[in-house]
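Notes for the one structure printed next.
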Amino acid sequence: MPCAGRCDEPIPVIRGDQVLIGTDANDLESRPSPVPSPNPQGREECVFRHIREPDRSTIEGYRRTGGYDGLTLAVSELNPAQVIDIVRDSGLAGRGGAGFPTGVKWQAVADASGAPKTIVCNADEGEPGCFKDRAIMDHDPHAVIEGMALAAYATGAPRGFIYLRYEYPETLGTLQRAIKEAEEAGLLGERILGSAFDFTVVVRRGAGAYICGEEGSLLNSLEGRHPFPRNRPPFPVTHGYEDRPTVVNNVETLASVPHIVRRGADWYRALGLNDLAGTKVISLSGDVKRPGNYEVPLGLPLSTLLYDWAGGTGSSRSVQAVTMAGVSGGFLAGEDLDVTLDEPSIRAKGSFLGAGGIMVFDDTRDMVEIAHFAMEFFAEESCGKCFPCRIGTERLTERLAGTAGPTNLTAWLDEVNDIGRTMKAISACGLGMAAPLITESLLRYFPERVAQHVAHQARD
Ligand SMILES: Cc1cc2nc3c(=O)[nH]c(=O)nc-3n(C[C@H](O)[C@H](O)[C@H](O)COP(=O)(O)O)c2cc1C
């Protein structure tokens, strides 16, 4: 059913036996998001380039360092195809998880028939250990809006939505203020900068579930439907919001675009190391001395980030393991910590960089317990549409808790591997496909701890 009421109003939320509405619900995560620290090596940045400057979240502060110059350039001197060429040539790829090339996505929407087209900024940020999009929106909201406007100009879309994680109430106010400022300055709305280009942006609060960040679920939620993933194909580029051509891009992806259009594709490409294009924001947390958001050149060794930038564990303990892609990429440990931060290097180890959340665990941590927490999260957040994910995440959680499954190690391993293989092969979306990376990597790096766990399962 389409949403009957106003979808930008507060959504009641249930916590224990309380139903919180409005201000109470909005207080859930109302701590201010820290400004990202500069990196100690003085590496050139893209998205964080100006984020620490005073008043950056206001339109005056944003314009002081060239904000909206990319949009002005595009509207006055470039045709839409030229904007797409710049984005494609820059090598920018999606920063929300899947890493799809942004210029290729925009080209597909520009080429698709059907109107009106739509730009959706995916600001749901539900992945555990990811908090970069919040920092970008809190401190540089106009970069997101300008990126959306450039996407709209390039693809011919007159309308846009920011689908904002429900638990970011302060960010909602920041975005709404920024949109109003942009409208008043003639940078959003009708006849932008005196041209024939019209584009409006509305913020919609998310429905408060991890699955809402998956693009098909997001589009269903935006339409007021239950947030189940959609079957693909068709893809959102041809059948997205209201079944019409739609760009769905992550906050970081969109916030990169104004810098790229202003400075050029070659400038962005050159930011990466070893022939890799551009940068990625990493949210670093856990047993680490200086946690936070760091914008790294793609190709930077993980060890440089962990030790030189973030100060190591900050104790006498050593790093036992890290997660990748929040928790969706499972763990890296041992010799595999010797990776560089880019998809080819991390995928070669059976994981992926994804949205760039990395959690660090020192050698005091029980990795079976950590794996159990992660799987419990997936089981809790599985939307239930497809059975491999709905049942598989529950069965793996039980086995990691030691409350069900074989007590013989060989049988236990066979069963856990079999469940994981099935989930990866036939789950309907990335949630069910990624969750088994937790057990896969646990078995790969910590076989002795797993054997101990199976031998000592607590049963009634
Ligand atoms: C379970 C699940 C959750 C996701 N959550 C998010 C999210 O919170 N934010 C996001 O940008 N992408 C998320 N994604 C990825 C989106 O489906 C989509 O690939 C992305 O928004 C596309 O934008 P990009 O090309 O700029 O990365 C999620 C995917 C899955 C499978």
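The values are calculated or read from the model by the stated rules, or taken from the named source; none is laboratory data. Note that the structure is a prediction, hence the values are computed from the model and not measured. Here the Cβ is made from the backbone with ideal geometry for all residues, glycine too, and neighbour counts use every protein chain on show. Quick note on the areas: whole protein, heavy atoms, side chains included, nothing else; ligands and nucleic acids left out. Shrake-Rupley method; radii C 1.70, N 1.55, O 1.52, S 1.80 Å.
Give the accessible surface of the stretch 343-460 per residue, rounded to a whole number of Å², with probe radius 1.4 Å and ligands, DNA and RNA excluded. Please report the intermediate quantities before stating the final value.
Working: 5370 Å² over 118 residues.
Averaged over the residues of the stretch 343-460, the accessible area is 46 Å².
Summing +1 for each Lys or Arg and -1 for each Asp or Glu, what net charge is found among the other residues whose Cβ lies under 15 Å from the Cβ of residue 111?
Working: positive: 88, 105, 117, 244; negative: 85.
With Lys, Arg at +1 and Asp, Glu at -1, the net is +3.
Considering only DSSP beta bridges where both residues belong to the chain, give the percentage that are antiparallel (nearest 5). Intermediate values should be presented prior to the final figure.
Working: 18 of 39 bridges.
Counting only bridges with both partners in the chain, antiparallel ones make up about 45 percent.
Largest first and to the nearest Å, give the Cα extent of the stretch 308-432 along each principal axis.
On the principal axes, the stretch 308-432 reaches 44, 30, 25 Å in Cα extent.
Once neighbouring chains are kept in place and the probe is 1.4 Å, which whole percent of the accessible area of the stretch 367-455 is contributed by carbon and sulfur? List each step's numbers first, then the result.
Values: 2120 of 3910 Å².
Exposed carbon and sulfur together represent 54 percent of the surface.
Normalised radius of gyration for the stretch 52-157, please: alpha carbon Rg relative to 2.2 N^0.38 Å, two decimal places.
Values: Rg = 14.7 Å, N = 106, 2.2 N^0.38 = 12.9 Å.
It is 1.13.
When each pair of different Cα atoms in the stretch 53-109 is counted once in the 1/r mean, what is the Kirkwood radius in angstroms, to one decimal? Could the numbers behind the result be given before it?
Numbers: mean 1/r = 0.0768 Å⁻¹.
Taking the inverse mean of 1/r over all distinct Cα pairs, the stretch 53-109 comes out at 13.0 Å.
Tally Lys and Arg at +1 and Asp and Glu at -1 over the other residues with C-beta under 12 Å from the C-beta of residue 150: what net charge comes out?
Values: positive: 262; negative: 69, 146.
That works out to -1.
Could you work out the mean projected area of the convex hull around the alpha carbons of the stretch 367-455, in square nanometres to one decimal?
Details: hull surface 19.2 nm².
Hull-based average projected area comes out at 4.8 nm².
Helix 409-426 versus the longest principal axis of the chain: what angle, 0 to 90°, nearest 10, using Cα atoms?
20 degrees
How big is the stretch 407-458 in terms of Cα radius of gyration and Dmax, in angstroms?
In order Rg, Dmax, the Cα atoms of the stretch 407-458 give 11.9, 34 Å.
May I ask for the net charge around residue 301, where only other residues with Cβ less than 11 Å from the Cβ of residue 301 are counted and Lys, Arg are +1 while Asp, Glu are -1?
Numbers: positive: none; negative: 308, 338, 342.
Around residue 301, the surrounding residues sum to -3.
Among 69-82, 120-133, what's the highest-first ranking by average C-beta atoms within 10 angstrom per residue? Numbers along the way, then the final one.
Details: 69-82: 16.7, 120-133: 26.0.
With the highest mean Cβ count within 10 Å placed first, the list reads 120-133, 69-82.
Mean 1/r over all different Cα pairs, inverted: what Kirkwood radius does the stretch 187-302 give, in Å?
Result for the stretch 187-302 stands at 17.5 Å.
Within straight cross-link reach of residue 117, meaning Cα distance under 30 Å, which lysines are found once same-chain residues fewer than 8 apart are removed?
105, 132, 180, 280, 385
What share of Cα pairs, in percent, lie more than 32 angstrom apart in the chain? Don't skip to the end; give the middle numbers.
Numbers: 40860 of 105570 pairs.
In whole percent, the share of Cα-Cα pairs in the chain beyond 32 Å is 39.
Write down, largest first, the equivalent ellipsoid semi-axes of the stretch 279-362 in whole Å, where each equals the square root of 5 times an eigenvalue of the alpha-carbon gyration tensor. Spell out each step's value before the answer.
Numbers: eigenvalues 61, 38, 25 Å².
The equivalent ellipsoid of the stretch 279-362 has semi-axes of 17, 14, 11 Å.
Return the carbon/sulfur percentage of the accessible area of the stretch 279-362, one whole number, probe 1.4 Å, all protein chains in place.
Details: 1220 of 2480 Å².
Reported share for carbon and sulfur atoms: 49 percent.
What ranking do 173-183, 210-220, 256-266 get when scored by the average of other Cβ atoms within 10 Å per residue, highest first? Please report the intermediate quantities before stating the final value.
Numbers: 173-183: 18.8, 210-220: 25.0, 256-266: 22.9.
Going from most to least packed, we get 210-220, 256-266, 173-183.
Once amide H atoms are built 1.01 Å from N in the peptide plane, which residues 5 or more positions from residue 280, or in another chain, come under 5 Å H to H?
HN-HN under 5 Å from residue 280: 296, 298.
Report, in whole Å, the centroid distance computed from the Cα atoms of the stretch 332-394 and the stretch 198-229.
Result: 25 Å between the Cα centres.
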